[in-house]
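Notes follow the structure.
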């Protein structure tokens, strides 16, 4: 194709895609859009005489406005994009001696907040970078983190990002399964395009500041200090003196990506000195004093080829999407979950659709929705739920409002294999040398049916299989032997009893039960006396442990411990323990300062409990202390500040633990 034809084709395509994106109904994933834009940029660079007029690459933000148009006092520009450490080093080289802040690049909707004489006068979207939408009533009603009044007089402009928190997004979709939101970014855009705040009242957004325009005499010259002085929260800014420290901060942000309560698609580097940032000036469509470092995409589009109904360890039958392979979230994805048939119905997903696939961190990939239902050809097929179990052929039952499907045949072959895999998992017996494929082969050969069968395997039996040598067989047997002290809590997890969670197992271990057999003998009345165990869970435990009694006897006979382990008991707190009476919440990555090695959060939590603390999972009015590690998200810190909860760095807690001989 001639370069001029291709350039115009790409320019027209970008115009269409941008319009759809800013209307909250994107036609492609962000990463796919970047590929199109990069191709156009490369062609224009090679053939400058063929630059289209207008050039969509010179445009910033939305192509039009939906509310009353307002012209920005200074343009709201896009950021120059980078993907390599060399580009980060080049940025620092342009500004020698300058401190740079590195912060998460939030995936939301950019806003400009203008204050006159201390009062919020106007909130405006970025729009096309020059003119945006006046959304002041929506921001006042729906966006947290935007004070109605600030101290300085005169004109003050704060720019930042309005995002829908992941927790808000999940809660909304749970409450509205018939009309789920596709992702937090689109939800934020749609919320601030509503005609009436009342229609989107449940869609709370959070504002994080990233720019400040006010006389230096009124606020600090440092960006973060200036925002904080006005009562705004920035997105976890870190000051870096050189490129090496900045790259380390970027890596930390990317590693913490899945733990944050908001979506990010990269990191932003920016001169922390506001005067230096202003003096750096701008290019045609980006400021010189800032740089965006893009991460691997967490969302991509691909074709939904087929749906397979998979039987799990408790008999739940879930739809699994088989996809055209797509690289997303750092790995190639070929399968993704569809949750249940109500989600399929609510999102109107069909076989043959182009779908948006999302994978964040270690989270199982899932199909977020159909990208453009209007693009269907008529060849797409409805997804039909099974009426019999795909594994054993027995009738299935529907349970709950989500119409989840279950096979109630406990002898179902698929359930049997999944239960064996679960018993060997790290959370349960941790038989790490025997993976899923070997468990499937051993079950198919008739050597594994129940967890107790692991402990009857011999080296000679394993050596009969192709691909198993002396060393690997010995390692498998050793791994099985090492799992025998599994104990009450992890054995209960491994037995995969419906409705009994990992937390249920932990509470039973701490409730005074000496063994799993004692739990089986307790009866429903005694079980419901345990904290947070209700009648439904108690009934499930009583029924299934009675059924599993012969299996418990077989495990005992093979030397498997079902007794409570010391590590699962309530910690013994010494008199004068430094955290006595404190309710704490732990967030972020934890590392031992003596070795620099990472420490699992449950391990650190146990140490805090030995020091007298009570650990909680979320910040509330009853929390005394929020203990923060590396890569901590801003939402918990903001909530702690709002509730006047003390925020303490992990280093200070480690010192207390070490001084008290707890750690």
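The values are calculated or read from the model by the stated rules, or taken from the named source; none is laboratory data. Quick caveat: nothing in here was measured; it's all calculated off a predicted structure. Ideal geometry is used to build each Cβ from the backbone, glycine not excepted, and the neighbour counts take in all protein chains shown.
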Can you tell me which residues in segment 221-237 are surrounded by fewer than 18 Cβ atoms within 10 Å (Cβ to Cβ) and in contact with a helix residue (DSSP H, G or I) (Cβ under 9 Å, 6 or more places away or on another chain)?
221
Anything in segment 299-346 that is in contact with a helix residue (DSSP H, G or I) (Cβ under 6 Å, 6 or more places away or on another chain) and at positive phi? List them, or say none.
315
Is one or more of the residues making up segment 323-334 at pLDDT 95 or above and surrounded by 16 or more Cβ atoms within 10 Å (Cβ to Cβ)?
yes
If we keep just the residues of segment 578-592 that are in a loop (DSSP other than H, G, I, E, B) and at pLDDT below 90, which is surrounded by the most Cβ atoms within 10 Å (Cβ to Cβ)?
588
Being within 30 Å of the chain's Cα centre (by Cα) and buried (at least 20 other Cβ atoms within 10 Å of the Cβ) is the filter; apply it to segment 265-286 and report the residue that is nearest to residue 367 (Cα to Cα).
265
Picked from segment 403-423 (must be under 30 Å from the mean Cα position of the chain (by Cα) and either surrounded by fewer than 16 Cβ atoms within 10 Å (Cβ to Cβ) or without any contact (Cβ under 8 Å) to a residue 60 or more places away in the chain (or both)), the residue farthest from residue 313 (Cα to Cα) is 403
Give me the residue from segment 249-294 that is part of a helix (DSSP H, G or I) and touching a helix residue (DSSP H, G or I) at 6+ places or on another chain (Cβ under 9 Å) and, out of that set, farthest from residue 161 (Cα to Cα).
280
Within the bounds of segment 78-93, is there any residue that is more than 25 Å from the chain's Cα centre (by Cα), within 30 Å of residue 252 (Cβ to Cβ) and assigned to a loop (DSSP other than H, G, I, E, B)?
yes
Out of curiosity, is residue 147 in a loop (DSSP other than H, G, I, E, B) and at pLDDT 90 or above?
yes
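Consider segment 348-365. How many of its residues are more than 30 Å from residue 451 (Cα to Cα) and either assigned by TED's automatic domain parsing to the domain that holds residue 500 or modelled with pLDDT under 90 (or both)? Walk me through how you get there before you give the answer.
Step one: filter segment 348-365 for residues more than 30 Å from residue 451 (Cα to Cα), giving 348-361.
Going one step further and asking which of them are either assigned by TED's automatic domain parsing to the domain that holds residue 500 or modelled with pLDDT under 90 (or both), we end up with 358-361.
Residues flagged as more than 30 Å from residue 451 (Cα to Cα) and either assigned by TED's automatic domain parsing to the domain that holds residue 500 or modelled with pLDDT under 90 (or both) within segment 348-365 amount to 4.
Okay, residues lined up against (1) in a helix (DSSP H, G or I); (2) crowded, with 18+ Cβ neighbours inside 10 Å:
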site: 608; (1), (2): yes, yes
site: 622; (1), (2): no, no
site: 627; (1), (2): no, yes
site: 636; (1), (2): yes, yes
site: 641; (1), (2): yes, no
site: 644; (1), (2): no, no
site: 647; (1), (2): no, no
site: 651; (1), (2): yes, no
site: 655; (1), (2): yes, no
Tell me whether segment 471-483 contains one or more residues that are closer than 14 Å to residue 542 by Cα, in a helix (DSSP H, G or I) and at pLDDT 95 or above.
no
Please determine, by comparing only the residues of segment 642-663 that are touching a residue at least 12 places away in the same chain (Cβ under 8 Å) and within 26 Å of the chain's Cα centre (by Cα), which one is farthest from residue 602 (Cα to Cα).
643
Residue list for segment 410-458, restricted to those being in contact with a strand residue (DSSP E or B) (Cβ under 9 Å, 6 or more places away or on another chain) and in a loop (DSSP other than H, G, I, E, B):
412
Residues in segment 161-173: is at least one free of Cβ contacts under 8 Å to residues at least 24 places away in the same chain, part of a helix (DSSP H, G or I), out of contact with any strand residue (DSSP E or B) (no Cβ under 7 Å at 6 or more places or on another chain) and within 22 Å of residue 235 (Cα to Cα)?
yes
The lone condition residue 181 fails out of (1) closer than 20 Å to residue 222 by Cα; (2) part of a loop (DSSP other than H, G, I, E, B) is (1)
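Given the condition within 20 Å of residue 237 (Cβ to Cβ) and modelled with pLDDT of 90 or more, answer yes or no: does some residue in segment 112-129 qualify? So that I can check it myself, show each step before the final result.
So the first thing to find is which residues in segment 112-129 are within 20 Å of residue 237 (Cβ to Cβ), and the list is 112-113.
Subsequent filtering for residues that are modelled with pLDDT of 90 or more retains 112-113.
Yes - at least one qualifying residue is present in segment 112-129.
Return yes or no: is residue 159 crowded, with 16+ Cβ neighbours inside 10 Å and touching a helix residue (DSSP H, G or I) at 6+ places or on another chain (Cβ under 9 Å)? Outline the logic, then answer.
Working: crowded, with 16+ Cβ neighbours inside 10 Å: yes; touching a helix residue (DSSP H, G or I) at 6+ places or on another chain (Cβ under 9 Å): no.
Against the criterion (crowded, with 16+ Cβ neighbours inside 10 Å and touching a helix residue (DSSP H, G or I) at 6+ places or on another chain (Cβ under 9 Å)), residue 159 does not qualify.
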Can you tell me which residue is nearest to residue 423 (Cα to Cα) among those in segment 485-496 that are out of contact with any helix residue (DSSP H, G or I) (no Cβ under 6 Å at 6 or more places or on another chain) and in a loop (DSSP other than H, G, I, E, B)?
495
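Taking only segment 527-551 into account, find how many residues are touching a residue at least 24 places away in the same chain (Cβ under 8 Å) and closer than 16 Å to residue 509 by Cβ. Show your work before the answer.
The first filter runs over segment 527-551 and keeps only residues touching a residue at least 24 places away in the same chain (Cβ under 8 Å), leaving 531-533, 536-537, 540-541, 544-549, 551.
From what's left, closer than 16 Å to residue 509 by Cβ: 531-533, 537, 541, 545.
Of the residues in segment 527-551, 6 are touching a residue at least 24 places away in the same chain (Cβ under 8 Å) and closer than 16 Å to residue 509 by Cβ.
If you take just the helices (runs of 4 or more DSSP H) that sit entirely in segment 497-567, which of them hold at least 2 residues that are modelled with pLDDT under 95 and outside the structural domain of residue 431 (by TED's automatic domain parsing)? Before you say what the answer is, go through the steps one by one.
On the way: elements: 502-510, 516-527, 535-547, 549-557.
Where helices (runs of 4 or more DSSP H) fall fully within segment 497-567, none carries at least 2 residues being modelled with pLDDT under 95 and outside the structural domain of residue 431 (by TED's automatic domain parsing).
Could you tell me which of the residues 57, 43 is surrounded by 15 or more Cβ atoms within 10 Å (Cβ to Cβ) and either assigned to a loop (DSSP other than H, G, I, E, B) or at pLDDT 85 or above (or both)? Lay out the reasoning, then the answer.
Values: 57 fails: either assigned to a loop (DSSP other than H, G, I, E, B) or at pLDDT 85 or above (or both).
When all the criteria are applied, what remains is 43.
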Which condition does residue 448 not pass, out of (1) outside the structural domain of residue 478 (by TED's automatic domain parsing); (2) surrounded by 19 or more Cβ atoms within 10 Å (Cβ to Cβ); (3) free of Cβ contacts under 8 Å to residues at least 40 places away in the same chain, if it passes all the others?
(1)
If you take the residues of segment 424-445 that are touching a residue at least 40 places away in the same chain (Cβ under 8 Å), surrounded by 14 or more Cβ atoms within 10 Å (Cβ to Cβ) and touching a helix residue (DSSP H, G or I) at 6+ places or on another chain (Cβ under 6 Å), which of them is nearest to residue 497 (Cα to Cα)?
428
Just to be sure before I move on: is residue 342 within 16 Å of residue 385 (Cα to Cα) and touching a strand residue (DSSP E or B) at 6+ places or on another chain (Cβ under 7 Å) in the structure I sent?
no
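Please count how many residues of segment 459-470 are in contact with a helix residue (DSSP H, G or I) (Cβ under 8 Å, 6 or more places away or on another chain) and assigned to a loop (DSSP other than H, G, I, E, B). Give the steps one after another, and end with the answer.
To start, the set of residues in segment 459-470 that are in contact with a helix residue (DSSP H, G or I) (Cβ under 8 Å, 6 or more places away or on another chain) comprises 459, 462-463, 465, 468-470.
Next cut, assigned to a loop (DSSP other than H, G, I, E, B) only: 465, 468-469.
Of the residues in that region, 3 qualify.
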